[in-house]
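Here is the structure we will look at, set down as C-alpha cells.
The values are calculated or read from the model by the stated rules, or taken from the named source; none is laboratory data. On a predicted model such as this, the values are computed, not experimentally measured, just so you know. FYI the Cβ positions are ideal-geometry reconstructions off the backbone, even for glycines, and counts take in every protein chain you see.
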Amino acid sequence: MNSYKSDTSDTASENLHRAAETIAESKYVVVMTGAGMSVESGIPPFRGTNGLWTKYGTPSMDGYRQFRADPAAYWDRQINAQIDEHIIELRESLRRAKPHDGHFALVGLVNRGYVKSVITQNIDGLDLKAGMGDALIEIHGNRSRLRCIGCAKRTDLNDFVPLFVPDPCDECGEPVKFDAVMFGEPIVPEVMSAAREQIDRADCVVAIGTSATVRPASGLLWVAKHRSRGDQSNGPTRLPDAKLIEINPNPTKLSSICDVVVRMNAKSGVPALLEALVQTRVVFLAVS
C-alpha cells in the first residue's frame, strides 16, 4: 500500500518536504524526465491539448521502416523540408529552446550527490546544455546528433537541419540517421541496458514531467515500483520496491502508485525540490 494522498489533503509544500525526506533517506536516486520538462523551454509535446499531434494529426507510426527501405529518399525529404508540419514546428522549437531553471536545478541535484543518474525521454539536448555530465542517459537519443543504424556510432550535427545527405558510416558502411529514436525503431540496446541497470540499482525514482505512456521507457517506472527477480537455484526472490516520487502539474497513469506526488511543473518544482533538500540537510546536521 503506497502513501499517495490527493491534493485535497496535502499541500505542494508538504509534499515537497516529504519528497525531500524520501530522497535524503535513499541511497541511490534515479530521475526520469519527460516532455513536461521540455514544454517549459518552449518545445511542444506530441500529445495533449497543445500537442503537435492534436494540432496536425497523428503521423505515420512506421518512420523507421520507411527509412530502412530508402535512406536516400528520407534524407532528401529532410533537406528539402518535404516533411510533416509537426516535424517542421518541432525542429524550429528545438533550435530556439534553452534550458530553464528546472534543468539547472537537476544538474544541481546531481552535482550535490542527491541524484545518481538521470534518464531523459527528451531528444532536445537541454540537459547537456545545462551542464549535465556522464550521469545523463538519453534513452530516446538526441536530435542534434547522427547515429549509424549498424554500429551505433554517433557524430555531432552543427544544426537541427542537415544541408546534405550524410555519408554512410565510416566504421561499418551502414546508413546513418538522426540519433533520435523514430517511430517503430527499437531503443539502442546498449542505451536501454544502461537505463535498466540504473533502475535496478535505484531505491528511489523521481518522475518529472512524464505522462508515463511512452513504452518501453515509461515501463521502467513500473519495474522500479513492482520489481521482482527469480533465481533458478534459490527460488524466486523479491527485491524491495523503489520509492516513487512524481513531479507533475497533472495526474498521470503513474500517480496512483507513487509514494509522493508534487503537483508542480518542472520549471518551478525541481528548483523547489533542490531547496527543500538543502533545508532538510541543514536540519539533519543541526540535530545530529
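Find the helices (runs of 4 or more DSSP H) located wholly in segment 1-105 whose residues include 3 or more that are at pLDDT 85 or above and within 30 Å of Cys148 (Cβ to Cβ), and list them.
35-39, 63-69, 71-79, 85-96
Of all residues in segment 157-199, those being modelled with pLDDT of 90 or more and either more than 19 Å from the chain's Cα centre (by Cα) or not in a loop (DSSP other than H, G, I, E, B) (or both) number 22. For Asn111, the stated conditions do not hold, so it cannot be described as within 17 Å of Asp179 (Cα to Cα) and under 21 Å from the mean Cα position of the chain (by Cα).
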